[in-house]
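A.B. asks: I'd like to ask you about the structure that follows.
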Amino acid sequence: MSQQNNIPTGIALMLLATVIFALQDGISRHLAGAYNTYMVVMIRYWFFAAFVVSLAARRSGGLAAVARTDQPGLQILRGLLLATEVCVAVYGFTILGLIDSMAVFICYPLIIAALSGPILGEQVGWRRWMAIVIGCIGVLIILQPGQGVFNIWAIIPLISALMFALYGLLTRYAARRDSAETSFFWTGVAGAAAMTCIGLWFWQPMSPLDWGWMATLCVSGVLGHWVLIKCYEMAEASAVQPFAYFHLLWSAIVGIVVFNEHLRTSVVIGAALIVAAGLFTLWRERAQGRSR
């Protein structure tokens, strides 16, 4: 199939994906605030694994063909890393709220840029390093480590961002020898297996209403990834990726309207610096891609 480049449609799909992911964050915060985080993530992964297995079964050659890889250790590591990151992120929502958590988490593209050199052997020029430094300043403004009110739990979303960045780098590394379908399959299956081993020990009875929210979380998770895949099919990633930052805006709205969170001035300033640095990094990648 030839690659399309319908940028307006791609942007619309990216914006829709960010809305879905923000709603997911809100539901995750509600459920993890009432039940154990491991159990919530485990049930979510059961649905995710069922989805990737059903997709793989429909491909030519079936499950065996999609699951085939000569780097199973790397694929399992990716799945375990993402499952752990989801647990850390959801736990951070319950401790810090959506606004503060997402304001720090959005620095992950800058971490990817910083680590792409030592891990993937990619060249990182001085302009990208300047953007990374500016993004780090934005994170420090949000965390306020020099203030007496500094909350040690504020490093949770930073750990989550680091783990997600490592997951992204390992995914790019795995893509050199495996297809996206194979990586997607192992992400769901490995994560579900790991979370089942942990989550079953923390099972709690769930109210009928919260089972409804759990079902919504599972369906929205699959829907969000499907919309994102369609987005990248419709348009170049470099054209639509900047609009992924709207995830922060929608999450902030959910946090304020639903959970009565407050938007601190330091968060606005720090998040603005992080977004600006991230957009500059994306622009540099696009410019270098065109020159090549």
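A.B. asks: If you take the beta carbon distance between R68 and E236 as r and set R0 to 30 Å, what does 1/(1 + (r/R0)^6) give as a FRET efficiency, to the nearest 0.05?
C.D. replies: That pair, R68 with E236, gives E of 0.55.
A.B. asks: Let me ask another. Mark the label point 7 Å from the Cα of L209 along Cα→Cβ and return the residues of segment 29-43 whose backbone N is within less than 17 Å of it.
C.D. replies: Zone members listed by number: 29-35.
A.B. asks: Step through the residues of segment 156-173 one at a time and calculate ³J(HN,Hα) from phi using the Karplus curve (6.51 cos²θ - 1.76 cosθ + 1.60, θ = phi - 60°), rounding each to whole Hz and writing x for Gly and Pro.
C.D. replies: 4, x, 5, 5, 4, 5, 5, 5, 5, 5, 4, 4, x, 5, 5, 5, 5, 5
A.B. asks: Taking the C-alpha atoms of the chain, how large are the radius of gyration and the largest Cα-Cα span, Dmax, in Å?
C.D. replies: In order Rg, Dmax, the Cα atoms of the chain give 19.0, 60 Å.
A.B. asks: Same structure, new question: Using just the helices of the chain, give the 222 nm mean residue ellipticity in deg cm²/dmol: DSSP H runs with n ≥ 4 each add -39,500 (n - 2.57), and the total is spread over all residues, rounded to 500.
C.D. replies: -27000 deg cm²/dmol
A.B. asks: Quantify, in whole percent, the carbon and sulfur part of the accessible surface of segment 71-142 (1.4 Å probe; protein heavy atoms only).
C.D. replies: 74
A.B. asks: On to the next question. Do me a favour and compute the ellipsoid semi-axes for segment 163-253 from its Cα gyration tensor, root of five times each eigenvalue, largest one first, whole Å.
C.D. replies: Semi-axis lengths for segment 163-253 are 28, 21, 13 Å.
A.B. asks: Give me P(r) over segment 1-146, computed from all C-alpha to C-alpha distances, binned every 10 Å, as integer percentages.
C.D. replies: The percentages, shortest bin first, are 9, 23, 34, 28, 6, 0.
A.B. asks: Still on this structure, I have one more. Multiply the residue gap between C197 and T9 by 0.36 nm, knock off their C-alpha separation, and tell me the result in nm, one decimal place.
C.D. replies: Roughly 63.6 nm would be gained on extension.
The values are calculated or read from the model by the stated rules, or taken from the named source; none is laboratory data. All of these numbers come straight from a predicted model, not from anything done at the bench. Glycine gets a Cβ as well: all are built from the backbone with ideal geometry, and neighbour counts include every protein chain shown. The protein model used for the area step is the full one, side chains on, heavy atoms only, and it has no ligands, DNA or RNA in it. Shrake-Rupley method; radii C 1.70, N 1.55, O 1.52, S 1.80 Å.
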